[in-house]
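The structure under discussion appears below in the form of structure tokens.
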Amino acid sequence: MVPPTDALYLHDASLQTLTTEIVSYQPVSSLPENERSLIKAADPEVSAITMRQTILYPQGGGQPSDTGSIALVDKEPAFTVSLVRKTEDGRILHFGKSAGGIIPFVEGQSVIQRVDGAKRNYHSRLHTGGHVVGLAMQLLFPEMKKVKANHFPKEACMEYEGLLYNEQNPLIQAKVDELVQQDLPILISWVEDGSDLEGRGALRDGPIRVASIGGLDQNPCGGTHVLTTSLVGPITIRKISRQKGISRVSYEVPVIL
Ligand SMILES: [Zn+2]
């Protein structure tokens, strides 16, 4: 059995380049159906690469995929990574195309990964902004249960059971502003037994990664974060909407700080 990919972004989200080894390189058409379906409408030139380790974040947990490149050491052009996805058995597939001809990647070859740093920073700020909104909500409305989080550009929101209205927007905005201004650290820890953590992750095997804003909350989370709340930049609560008893708090952060 092929071992899972070592997901280095979980331990150091600041890594922007990495030298690692090719494990597999194949056209998408030769992947098993369940893996082929991880990329929609791939054209025939798209291939999938797995490596021993990766610094590229695979889409999941409400956070979009990183983009980047993979190149043979000292060689251009590179393979452009347009989508990263994780398989059920923990391998991380890097989908993309070679720029200017096919690169003959083979197993064991050394390659250099690069992550698109500007996009990663934006995604990390958007994702961390979701934690800030979540903490503001927890402090203001501790009885409301979080049901969903989305940290995609233009769609970012946190959803809760129960009813919230636009009149509450200034209150949430003020609490979010306060948390950003306090420049609280984003703390990452690993817990062996996550059964007391609310809702998510409790049934997963192995240690669970937990993100906390200044020790004030505890969220099982596999995403990438900025180091402190002020690095998110100003968070805007865009609107509050309701559907079938669920309230959605939509937010955004600046694309560039
Ligand atoms: Zn997180």
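The values are calculated or read from the model by the stated rules, or taken from the named source; none is laboratory data. Model, not experiment: these values are computed from the prediction. Quick reminder, even Gly has a Cβ in these numbers, built from the backbone with ideal geometry, and neighbours come from all protein chains shown. Heavy atoms of the whole protein, side chains included, go into the accessibility calculation; ligands, DNA and RNA do not. Shrake-Rupley method; radii C 1.70, N 1.55, O 1.52, S 1.80 Å.
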* Structure fact -> Flagged in segment 24-53 as in a strand (DSSP E or B) and closer than 15 Å to Phe79 by Cα, in numbering order, are Ser24, Tyr25, Gln26, Pro27, Ser47, Ala48, Ile49, Thr50, Met51
* Asked: Is one or more of the residues making up segment 65-85 within 16 Å of the ligand (Cβ to nearest atom), under 24 Å from Lys148 (Cβ atoms) and not aromatic (Phe, Trp, Tyr)?
  -> yes
* Structure fact -> When every residue in segment 46-79 that is of a type in the set (Val, Ile, Thr) and at pLDDT below 95 is compared, the one most open to solvent (accessible area, probe 1.4 Å) is Val73
* Taking segment 137-149, which residues are in contact with an Asp or Glu (Cβ under 8 Å, 6 or more places away or on another chain) and under 20 Å from Val232 (Cα atoms)? -> Gln138, Ala149
* Counting just the residues of segment 99-138 that are part of a helix (DSSP H, G or I) and small (Gly, Ala, Ser), which one comes out farthest from the chain's Cα centre (by Cα)? -> Ala136
* Among residues of segment 81-105, those that are at pLDDT 95 or above and open to solvent by 20 Å² or more (accessible area, probe 1.4 Å), counted -> 5
* Pick out the one residue from Gly108, Gly134, Gly162, Gly129 that is open to solvent by 20 Å² or more (accessible area, probe 1.4 Å) and over 26 Å from Leu18 (Cβ atoms). => Gly162
* Select from segment 237-257 the residues that are surrounded by fewer than 17 Cβ atoms within 10 Å (Cβ to Cβ) and within 20 Å of the chain's Cα centre (by Cα) and write down the one among them that is modelled with the lowest pLDDT. => Leu257
* Residues Ala118, Ala156, Ala174: which one is under 19 Å from Pro220 (Cα atoms) and either surrounded by 13 or more Cβ atoms within 10 Å (Cβ to Cβ) or at pLDDT 95 or above (or both)? -> Ala156
* Could you list, in sequence order, the residues of segment 204-243 that are in contact with a Lys or Arg (Cβ under 7 Å, 6 or more places away or on another chain), farther than 20 Å from Asn121 by Cα and within 15 Å of the ligand (Cβ to nearest atom)? -> Pro220
